[in-house]
Ligand SMILES: C[S@@+](CC[C@H](N)C(=O)[O-])C[C@H]1O[C@@H](n2cnc3c(N)ncnc32)[C@H](O)[C@@H]1O
């Protein structure tokens with residue numbers, strides 16, 4: 001939420017370890033499937049090399065860590081880090097069940113904790129937008145990389161071009177006055193999913209963190225947000241800006257929830273395909289950067 005200044009990542013980590021973990025798990029078939037479409041483009045465009053040591057930042061369930069381990073082959077080693085221990089527990093269980101041996105997962109706040117290394121390649125799929133101090137966090141990442149190493153990250157582009165999130169927030173805003181995140185007891189996810197949407201600002205963050213040769217590649221997809229309008233409404237109110245407003249507003253939002261749902265159902269109708277699914281435009285940056293050579 002823009003009206004709050006975050007001094008550390010404790011609140012965001014608590015959110016990711018509780019309500020956001022639960023909702024990400026419940027709607028994994030929507031969120032992770034959509035994120036994978038962006039992640040696949042990012043990895044195909046700038047894959048790790050065979051045998052690389054790889055860092056996966058904010059790795060969530062660890063599916064990208066497993067994917068990177070497969071792309072870089074059996075001689076590679078991937079370390080997935082996430083501040084939320086419930087994601088790390090799930091990632092460890094899933095990699096073990098899949099029999100993937102060249103990955104490991106650790107609980108770590110990327111901004112403040114040692115990330116080991118040195119790594120040849122760092123990757124993040126929507127895992128770098130929640131830092132209270134993005135320069136400190138990205139500098140910590142850079143310090144874990146060897147000279148000449150590559151960073152590839154997927155971040156949301158501007159909200160306006162992510163129509164289901166943008167327009168569902170507009171609906172909620174019509175019914176609920178913007179809550180003050182400083183006063184609400186509900187946990188927020190920190191600076192939020194669109195904090196790296198501005199390429200100039202994000203480029204400056206990476207430059208200040210010690211990276212060079214930044215590139216921004218725009219990728220647009222049609223994002224599946226529900227098998228029918230009812231599921232798309234649940235999704236809008238589960239994760240993202242509309243959901244965060246509703247959580248922070250608490251009783252004020254609960255009182256008008258039927259009206260919000262009614263308007264969101266109507267909105268979903270605008271995005272319904274002939275097959276009945278709800279599909280809306282979505283857009284992300286694939287950002288790449290490089291650590292300068294030594295000397
Ligand atoms: C939107 S989810 C993306 C998860 C995963 N990369 C994916 O694409 O499915 C953001 C992830 O970043 C993690 N995260 C947020 N702040 C973090 C921090 N300071 N250090 C490490 N991980 C963090 C969250 O716990 C969460 O798993």
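The values are calculated or read from the model by the stated rules, or taken from the named source; none is laboratory data. What you see is a predicted model, and the numbers here were worked out from it, not measured in a lab. Virtual Cβ from ideal backbone geometry, glycine too; neighbours counted across all protein chains shown.
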Discussion item. Looking at residue 95 and the list (1) on the phi > 0 side of the Ramachandran plot; (2) at pLDDT 95 or above; (3) more than 12 Å from the ligand (Cβ to nearest atom), which single condition is not satisfied?
Written reply: (1)
Worksheet item: Only one of 71, 78 is part of a helix (DSSP H, G or I), over 19 Å from residue 156 (Cβ atoms), over 17 Å from the mean Cα position of the chain (by Cα) and at pLDDT 95 or above; which?
Response: 71
Worksheet entry | Residue match in the stretch 28-37 (condition: over 14 Å from the mean Cα position of the chain (by Cα), closer than 25 Å to residue 233 by Cα and surrounded by fewer than 18 Cβ atoms within 10 Å (Cβ to Cβ)) | yes
Worksheet entry | Residues of the stretch 98-119 satisfying the condition of being more than 10 Å from the ligand (Cβ to nearest atom) and crowded, with 21+ Cβ neighbours inside 10 Å | 103, 105, 119
Discussion item. When the residues of the stretch 46-68 are narrowed to those that are touching a strand residue (DSSP E or B) at 6+ places or on another chain (Cβ under 6 Å), assigned to a loop (DSSP other than H, G, I, E, B) and touching a residue at least 60 places away in the same chain (Cβ under 8 Å), which ends up nearest to the ligand (Cβ to nearest atom)?
Written reply: 58
Fill in: Sole exception among (1) surrounded by fewer than 16 Cβ atoms within 10 Å (Cβ to Cβ); (2) out of contact with any helix residue (DSSP H, G or I) (no Cβ under 9 Å at 6 or more places or on another chain) for residue 51, by number
(2)
Discussion item. Which condition from (1) under 27 Å from residue 148 (Cα atoms); (2) within 16 Å of the ligand (Cβ to nearest atom) is the one that residue 77 breaks?
Written reply: (2)
Worksheet, complete the sentence: The correct count of residues that are within 16 Å of the chain's Cα centre (by Cα) and outside any loop (DSSP other than H, G, I, E, B) in the stretch 99-140 is 7
